[in-house]
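Inspection log for the structure reproduced underneath, given as structure tokens.
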Amino acid sequence: MTELSFAGRGSKAEIEGGDAFQPKFDADGLIACVVTDADDGTVLMVGYMNAEALARTIDTGEACYWSRSRQSFWKKGETSGQVQSVVEILTDCDQDALVLKVRVAGNGATCHVGYRSCFYRRITRSPDGSVRLDMTGGERVYDPKDVYG
């Protein structure tokens, strides 16, 4: 793996209109990544990367994240086989968020609870005013017990 580094933050004009990649990591050193299916645009998940995870992703072409709960690197699919091959990485206007367009190997699922997408529920308001979740993700693609034990 080659040593990859990113440009330091420049002026607003450089960040918004230049060609230097100047990612803005938050106070914890992380940048948010919205992950979508490269073919149909389905939002699959949201993850976070630190500079090294982002560099690993760019270098290998496979999505690598920083797990906030485990405080460690997490290569998507390492255990499940659901490796995310990166087709394209986009950044927003102020370079503080990313979109990864990916193709998912294995059974094509992304969610660790068995659905294709982590966004398998919709927030709705009932006639009585209460807020609830309705399933929108279809059937589970796999049983997590079979993959993770």
Study note, to complete from the structure: Note on the range 22-149: contact order normalised by length, alpha-carbon pairs under 8 Å, 6 or more apart, percent, works out to 22
Study note, to complete from the structure: Relative contact order in percent for the range 34-91 (Cα pairs under 8 Å, 6+ apart) equals 24
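What is the magnitude of the charge dipole of the chain about its Cα centre, with +1 placed on the Cβ of each Lys and Arg, -1 on the Cβ of each Asp and Glu, and no other charges, expressed in debye to the nearest 20? Each step should come with its number before you reach the end.
On the way: 17 positive and 22 negative charges, 115 e Å.
It works out to roughly 560 debye.
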Point to revise | Net charge over other residues, Cβ less than 15 angstrom from the Cβ of GLY10 (K, R count +1; D, E count -1) | key: -2
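Inverting the mean 1/r over all pairs of different Cα atoms, compute the Kirkwood radius of the range 22-149 and quote it in Å.
On the way: mean 1/r = 0.0641 Å⁻¹.
Roughly 15.6 Å, rounded to one decimal.
Based only on other Cβ atoms within 10 Å, what is the fewest-to-most ordering of ILE58, ILE31, ILE123?
Values: ILE58 15, ILE31 22, ILE123 8.
Lowest to highest Cβ neighbour count: ILE123, ILE58, ILE31.
Using just the helices of the chain, give the 222 nm mean residue ellipticity in deg cm²/dmol: DSSP H runs with n ≥ 4 each add -39,500 (n - 2.57), and the total is spread over all residues, rounded to 500. Walk me through the numbers on the way to the answer.
Numbers: 3 runs with 21 residues, N = 149.
Per the formula, -3500 deg cm²/dmol.
List the GluC sites (Glu not before Pro) within the range 40-136 that fall in a DSSP loop (any state other than H, G, I, E or B) and whose Cβ has at most 14 other Cβ atoms within 10 Å. Display every interim value, and only then the final one.
Details: sites: GLU52, GLU62, GLU78, GLU88; in loops: GLU78.
For GluC sites (Glu not before Pro) across the range 40-136 that sit outside H, G, I, E and B with at most 14 neighbouring Cβ atoms in 10 Å, the list reads GLU78.
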Revision key, fill the gap. For LYS24, the lysines lying under 29 Å Cα to Cα, once residues fewer than eight places off in the same chain are dropped, come out as LYS12, LYS75, LYS76, LYS101
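Going through the range 24-116, which trypsin sites (Lys or Arg not before Pro) have at most 10 other Cβ atoms within 10 Å and a DSSP loop state? List each step's numbers first, then the result.
Values: sites: LYS24, ARG56, ARG68, ARG70, LYS75, LYS76, LYS101, ARG103, ARG116; in loops: LYS24, ARG68, ARG70, LYS76, ARG116.
Qualifying residues, ordered by number: ARG70.
Just so you know, all these numbers are worked out from the coordinates, no wet-lab data involved. These figures come from a predicted structure and were not determined experimentally. Ideal geometry is used to build each Cβ from the backbone, glycine not excepted, and the neighbour counts take in all protein chains shown.
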